[in-house]
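Note sheet for the following structure.
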Amino acid sequence: MNITIKDIAKTAGVSPSTVSRVLTGNIHVSEETLKKVKSAIEKLGYRPNALARSLVSKRSRTIGLIIPEIGNPFYAEIISGVEKAATRQGYGVLLISYSPDNIKKDGIQTLLERRVDGIIHAGPFQNDKLVPRLKKEGFPFVLVGRKIDNLETNCVIANDRHAAYQATMHLLNLNHKIIGFIFGNNESYSSIEKLEGYKIALAERQIPFREELVEPGYLEFYGGYEAALSLLKKNPKPSAILAGNDVMALGAREAILEKGLSIPRDIALMGFDDIPWVSLKGLELTTMSVPRYKMGYLACDLLIKKINKPDDHEVEQIVLEPEIKIRKTCGYFK
């Protein structure tokens, strides 16, 4: 039987509007009336729906999730992790997405207008103006995948610098001396960290860093393609290419094959992220595997923790370690 507000009102001997005021936490209800309504609720076994609960708690039980580059499979597992953690704790997820060519600068504002209880942002750039505003206003939010330098925020990120160091060392250990690097985006914290890891590995082996071996790929397939074409024109050309994400690595692969070169016989190729496509037979890309599902899950858990403890101003930053996935695109350099 579906218990209604009218049923509660009849049992308590009050009007439906009085019951509604009790459910919404209205202070203009006497203690005696409050006890009557609560007693009726308990007697009838009434369970408020999600909307009623949100009215009582002044919360929507919804979190906002901002995802860039929705076509990039990197974000699919982050979304899945967020949704799993949110559902487990009785929250819904409102997704806002944008592409690099059509950035919705009002995405955060849209989520705030929808009365979300908190926001997970998976694509902030260094020049983001809205994230500092959220921090200033004390609104619960967590960054995932990227952070903003010089801004202390709750976040869940990968150790991109060390991962890029490991990737570069893998290529160096295969005796590659000239390694091209396809850089992501100047405003992406993770891209900057990966470049630093690449530089550190070269310095450790006393190999001079060469600016001309770094080409921008803008985190996109076509960007990786163009970057690889530029690298292949160098004299001498690289014997290996490390791309800052798998999408750019796939673009680089297209360029390498188009030039009639073989991978890995003529040139080794390595990516970053371990998106689903790259393990397919025929591709089998060596890459750094980022725990994307775990990042999303932990980010959601951290956000709900902050929502439930609004007076807790401690900044928590969770850093996860990527793992190398050795497949067939690096081979054994001679």
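For Phe141, enumerate residues with amide H under 5 Å from its amide H, sequence gap 5+ or separate chain, H modeled in the peptide plane.
Sorted by chain and number, the residues that satisfy this are Ile119.
For the chain, set up a GNM with springs between Cα atoms under 10 Å and report which of Ile241, Ile67, Ile263 has the largest fluctuation.
Residue with maximal mean-square fluctuation among Ile241, Ile67, Ile263: Ile263.
Between Glu254 and Lys325, 0.36 nm times their residue separation minus their Cα-Cα distance comes to what?
Values: separation 71, 0.36 × 71 = 25.56 nm, distance 2.07 nm.
Contour length minus the Cα-Cα distance gives 23.5 nm.
Can you list the chymotrypsin sites (Phe, Trp or Tyr not before Pro) in the range 275-334 that are in a DSSP coil and have 10 or fewer other beta carbons within 10 angstrom?
Numbers: sites: Trp277, Tyr293, Tyr297, Tyr332, Phe333; in loops: Tyr332, Phe333.
Of the chymotrypsin sites (Phe, Trp or Tyr not before Pro), the ones in loops of the range 275-334 whose Cβ has at most 10 other Cβ atoms within 10 Å are Tyr332.
For the chain, what is the Kirkwood hydrodynamic radius in Å, using each pair of distinct C-alpha atoms? Walk me through the numbers before you get to the answer.
On the way: mean 1/r = 0.0447 Å⁻¹.
Taking every pair of different Cα atoms in the chain, averaging 1/r and inverting gives 22.4 Å.
Return the FRET efficiency for the residue pair Glu187, Arg115: r is the Cβ-Cβ distance, R0 is 25 Å, and the value is rounded to the nearest 0.05. Mind showing how you got there, number by number?
Working: r = 30 Å, r/R0 = 1.19.
Between Glu187 and Arg115 the formula returns 0.25.
State which stretch of the chain is the longest one without any exposed GluC sites (Glu not before Pro), exposure meaning a DSSP loop state and at most 11 other Cβ atoms within 10 Å. Present the calculation step by step, with values, prior to reporting the outcome.
Working: sites that count: Glu152, Glu314.
Result, exposed sites excluded: 153-313.
So if R0 is 45 Å, what FRET efficiency would Glu314 and Arg210 give, r being the distance between their Cβ atoms, rounded to the nearest 0.05?
Numbers: r = 43 Å, r/R0 = 0.95.
Once the sixth-power term is evaluated, E becomes 0.60.
Kindly write out, for the range 177-183 in residue order, the coupling ³J(HN,Hα) from the Karplus curve 6.51 cos²θ - 1.76 cosθ + 1.60 (θ = phi - 60°), rounded to whole Hz, with x marking Gly and Pro.
Listing the rounded values in order: 10, 10, 10, x, 10, 9, 8 Hz.
Quick one: check the C-alpha center-to-center distance for the range 233-252 versus the range 287-305, whole angstrom.
The range 233-252 and the range 287-305 have Cα centres spaced 28 Å from each other.
With all protein chains present, how much of the accessible area of the chain (probe radius 1.4 Å) comes from carbon and sulfur, to the nearest whole percent? Present the calculation step by step, with values, prior to reporting the outcome.
On the way: 8480 of 16710 Å².
Percent of accessible area from carbon and sulfur atoms in the chain: 51.
Let me have the relative contact order for the range 76-208, percent, based on Cα pairs under 8 Å that are six or more residues apart.
Relative contact order of the range 76-208: 18 percent.
To the nearest 20 debye, what is the magnitude of the charge dipole of the range 242-334 about its Cα centre, counting +1 on the Cβ of each Lys and Arg and -1 on the Cβ of each Asp and Glu? Please list the in-between numbers first.
Numbers: 13 positive and 14 negative charges, 104 e Å.
With only Lys, Arg, Asp and Glu charged at Cβ, the dipole is about 500 debye.
Looking at the chain, do any whole DSSP H helices span at least 30 angstrom along their long axis by alpha carbon and average 1.6 or above on Kyte-Doolittle, and which? Before the final figure, lay out the partial values.
Details: long enough: none.
Both cut-offs are met by no helix.
Given a cut-off of under 8 Å on Cα pairs at least six residues apart, what relative contact order in percent is computed for the chain?
On the way: 631 pairs, mean separation 58.0, N = 334.
Computed value for the chain: 17 percent relative contact order.
Could you check the simple spin-label distance between Lys129 and Ser39, using points 7 Å along Cα→Cβ, in nm with one decimal?
Here the answer is 5.9 nm between the modelled labels.
Return the long-range amide H neighbours of Glu316 (sequence gap of 5 or more, or a different chain), with a cut-off of under 5 Å between placed amide H atoms.
Asn154, Cys155
Say we join alpha carbon atoms closer than 10 Å with springs in a Gaussian network model of the chain; which of Arg253, Arg292, Arg21 then has the biggest fluctuation?
Top of the fluctuation ranking is Arg21.
Under 5 Å between amide hydrogens, which residues at least 5 positions from Val214 or on another chain qualify, with H placed 1.01 Å from N in the peptide plane?
Phe181
Can you show me the helix-derived [θ] at 222 nm for the chain, built from DSSP H runs with n ≥ 4 at -39,500 (n - 2.57) apiece and divided by the number of residues, rounded to the nearest 500.
On the way: 12 runs with 140 residues, N = 334.
Helix contribution divided over all residues of the chain: -13000 deg cm²/dmol.
The values are calculated or read from the model by the stated rules, or taken from the named source; none is laboratory data. Fair warning: this is a prediction, and the values are worked out from it, not measured in the lab. Don't worry about glycine lacking a Cβ; one is built from the backbone with ideal geometry, like all the others, and counts go over all protein chains shown. Areas reflect the complete protein model, heavy atoms only, side chains present, ligands, DNA and RNA absent. Shrake-Rupley method; radii C 1.70, N 1.55, O 1.52, S 1.80 Å.
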